[in-house]
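Student: Below is the structure I would like to discuss, written out as structure tokens.
Just so it is clear, none of the values below were taken in a lab; they were calculated from the coordinates. As the structure is a computational prediction, the values presented were derived from the model and not from experiment. FYI the Cβ positions are ideal-geometry reconstructions off the backbone, even for glycines, and counts take in every protein chain you see.
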Amino acid sequence: MNRFGLWRNIWVIVISFASCDFEMDNDETNPPIARVHDSYLYYSDLEGIASSSGLAGDSTDIAEGYVNTWIKRQLLFQKAEEEVRTNLNEVEERTENYKYELILYAFQKQYIEDNLDTIVRQDEIEKYYEQHIESFLLRQNIVRGKFVKILFKDAKKEDVMKWIASKNAEDEQKLKAHCIMQADQYVLDTKKWIDADHISHSTPFADFASASKLRSKRLIIKQDASYIYILRIDDYKLKGTVAPVDYVKKMITDIIISKRKVELKQMLEERIFLEANQNKDYEIFR
């Protein structure tokens, strides 16, 4: 029988078995399909694998690939057993430890997901900020204000310059509407702190991020062949000074939630230990 005929028959048998309700528990209904030394692969091992495809040709390829992979893995593993000088007791111990760690991790993860409070109040953030304020020194200059990048040929560029400098609510709405439709890049949230170096690197403001420029400027306008860049500075903080609490809010939130996770794990361990102690589920022999 040629190779295609062999695998065609394998596929037909596997599909036939996959459609049956009975268990294949003897050699007549579940003959071996491959052997590597004393290890055997049976037709039942291919059930649900070759039949997963709707096409006979695809299923034949899947079945053949599975058998070839099984043979290679068995040969490699059995050769490793022959060649590698491994302490089987050590392997079993490591396997048991790994199983223990996996089960423990899954248990703790589920417990934390079910019990973790992810809401961090503003007063908690501020309290942590005040207690660890020396940990929040800025590594770069930051600014708060508005930034807009528009095309040089924008018909309303003069209005944009006026709107961005204005603090009038109506002008702010006009600026926002125009930016949504026309601006290539913009930041209009005046409560958001922006990394000054980031703006400097993506605009013609080569020396914008320097302390002297930040101290002396409140409205900066630059242009190149294609764009106009407009920056309004409402506030700034210099590198080496303490970061505003709003700038590190997310960092503090993540720290507090991480601490809660650790506390939950400790509480879980203590609860289980206390229950076991009360129920006399363990004892120490002296």
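Student: How high is the FRET efficiency from ARG139 to ALA165, r the C-beta distance, R0 25 Å, rounded to 0.05? Working shown, then result.
Tutor: Values: r = 30 Å, r/R0 = 1.21.
According to the calculation, E is roughly 0.25.
Student: Run down the lysines and flag those whose C-alpha is under 18 Å from the C-alpha of LYS176, throwing out any fewer than 8 positions away in its chain.
Tutor: Straight-line reach from LYS176, under 18 Å: LYS146, LYS149, LYS156, LYS157, LYS162, LYS167, LYS191, LYS192.
Student: Quick check on the exposure proxy: order ARG215, ARG232 from fewest to most C-beta atoms within 10 angstrom. List each step's numbers first, then the result.
Tutor: Working: ARG215 10, ARG232 22.
With the fewest neighbours first, ARG215, ARG232 line up as ARG215, ARG232.
Student: Continuing with this model, one more query. Using alpha carbon centroids, what distance separates the range 104-138 and the range 139-161, in Å?
Tutor: 36
Student: Provide the per-residue ³J(HN,Hα) series for the range 147-163, in order, calculated from phi with Karplus coefficients 6.51, -1.76, 1.60 and θ = phi - 60°, each as a whole number of Hz, with x at glycine and proline positions.
Tutor: 9, 9, 10, 10, 5, 4, 8, 4, 5, 10, 4, 5, 5, 4, 4, 6, 5
Student: Between beta-carbons, use under 14 Å as the cut-off and find the net charge around LYS259, counting Lys and Arg +1, Asp and Glu -1.
Tutor: Net of charged neighbours comes to 0.
Student: Follow-up. In percent, how large is the relative contact order of the range 134-286, given Cα pairs closer than 8 Å and 6 or more residues apart? Intermediate results must be reported in sequence, preceding the final value.
Tutor: Numbers: 188 pairs, mean separation 53.1, N = 153.
Relative contact order for the range 134-286 comes out at 35 percent.
Student: Taking the Cα atoms of the range 138-237, report the difference between the largest and smallest coordinate on each principal axis, in whole Å and largest first.
Tutor: Here the spans come out as 37, 31, 20 Å, largest first.
Student: Ranked by Cβ crowding within 10 angstrom, fewest neighbours first, how are LYS265, LYS280 ordered?
Tutor: Numbers: LYS265 14, LYS280 7.
Neighbour counts put them in this order, fewest first: LYS280, LYS265.
Student: Report, to one decimal in Å, the Kirkwood hydrodynamic radius for the range 88-189 based on all distinct Cα pairs.
Tutor: Details: mean 1/r = 0.0506 Å⁻¹.
By the Kirkwood definition, the hydrodynamic radius is 19.8 Å.
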